[in-house]
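Shown next, in structure tokens, is the structure this report addresses.
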Amino acid sequence: MADSLARYVGSVALGALLGVVLGVTVGLSRLVSRLVSPFVNFLYAIVEAAWIPLFVVWWGYGIKVIVVLLVYIVFFPMFYNTMVGVRTVPQVYVDAVRALGARRWQVIAEVIVPAALPNLITGFRIGAGFAFRGLIFAEMLAAKTGVGFLIYEGVSNQYTARTIVGMICMGLMWLLIDHVYLKPFEQATIERWGAVVTAETRG
């Protein structure tokens, strides 16, 4: 579980960061967004499992295959949702802040990103969920440790108990990720920026 969590958290964080940075950059240009969208949709439609044999051929079995796969899985929903979120920010918000003398980086950090935050959270949730399933599948094929490898080894050797233990570990690990990793992230972002209405706000 420790090996699986380390691979998952690091890869998801890297994929999300790349997706947000490039999504904001591309989303700021309407022309670039239109040119890039078909290419992004094409790659996003390719099931991640189809890449694993190619990655294994290129880099062999090991952690590199798993990390690249998870970054790939997380990147595209983060990139696409961020780009769409940036494009749907009302122009009147941007114009109002510019009229007050805000610089370009201030407009991005204080207006565009907070306004696009619901889309970012959606992309992050989708990417994190798909990446978890991708992690287990990749560990079955390209790892010698981890929960996915434990399940694969149990099935290969017809160890029913070991397989069930691996499935239980998989469920417990997702609960841990959800409560320790995902929910605190949402609370630190969407509630902070007012994307949701809390009980204190209603009061």
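Bear in mind that the values in this text are calculations on the coordinates, not laboratory data. This is a predicted model, so every value here is computed, not measured. With ideal geometry, Cβ positions are generated from the backbone for all residues, glycine too; neighbour counts draw on all protein chains shown.
Overall form of the range 131-184: oblate. Here a/c, set by the Cα gyration tensor axes a ≥ b ≥ c, is 1.5 or more, and a/b is not larger than b/c.
Its Cα gyration tensor gives the chain an equivalent ellipsoid, and the semi-axes of that ellipsoid, as √(5λ) in whole Å with the largest first, are 37, 21, 11.
Among residues other than VAL56 with Cβ under 14 Å from its Cβ, the summed charge is 0 (Lys and Arg +1, Asp and Glu -1).
All Cα-Cα separations within the range 35-130 were binned at 5 Å from zero, giving a P(r) of 2, 12, 18, 16, 15, 12, 9, 7, 5, 3, 1, 0, each value a whole percent of the pairs. Rounded to the nearest 20 debye, the dipole magnitude of the range 2-195 is 420 debye, with +1 charges on Lys and Arg beta carbons, -1 on Asp and Glu beta carbons, and the Cα centre as origin. Look at the alpha carbon pairs under 8 Å that are at least 6 residues apart: their mean separation over the length of the chain gives a relative contact order of 25 percent.
On full extension, the segment bounded by ARG103 and ALA161 gains 14.8 nm, given 0.36 nm per residue less the C-alpha separation. Computed 3J(HN,Hα) for the range 95-109, one whole-Hz value per residue from the Karplus formula 6.51 cos²θ - 1.76 cosθ + 1.60 where θ = phi - 60°, is 5, 5, 5, 5, 5, 8, x, 5, 7, 4, 5, 6, 4, 5, 6, glycine and proline marked x. In this rough spin-label picture, where each label sits 7 Å from Cα along the Cβ direction, the HIS179-ARG30 distance is 4.8 nm.
Checking the a/c ratio against 1.5 first, then a/b against b/c, what shape does the Cα gyration tensor give for the range 79-169? Prolate. The ranking of ASP178, ASP95, ASP3 from fewest to most other beta carbons within 10 Å of each one's beta carbon is ASP95, ASP178, ASP3. Per residue of the chain, the DSSP helices (runs of n ≥ 4 H) give a summed -39500 (n - 2.57) that works out to -24500 deg cm²/dmol at 222 nm. A cut-off under 12 angstrom between Cβ atoms defines the neighbours of MET140, and their net charge, with Lys, Arg +1 and Asp, Glu -1, is 0.
Using R0 = 30 Å, the C-beta based FRET efficiency linking LYS144 and LEU43 works out to 0.55. Each residue of the range 122-132 was assigned a 3J(HN,Hα) from its phi angle through the Karplus curve 6.51 cos²θ - 1.76 cosθ + 1.60 (θ = phi - 60°); the sequence is 4, x, 5, 4, 4, x, 5, x, 5, 5, 5 Hz, with glycine and proline shown as x. One Cα centroid belongs to the range 107-145, the other to the range 2-78; the line between them spans 9 Å. Neighbour counts of C-beta atoms inside 10 Å place SER33, SER11 in the sequence SER33, SER11, starting with the fewest. Normalised size of the range 1-66, defined as Cα radius of gyration per 2.2 N^0.38 Å with N residues, equals 1.40.
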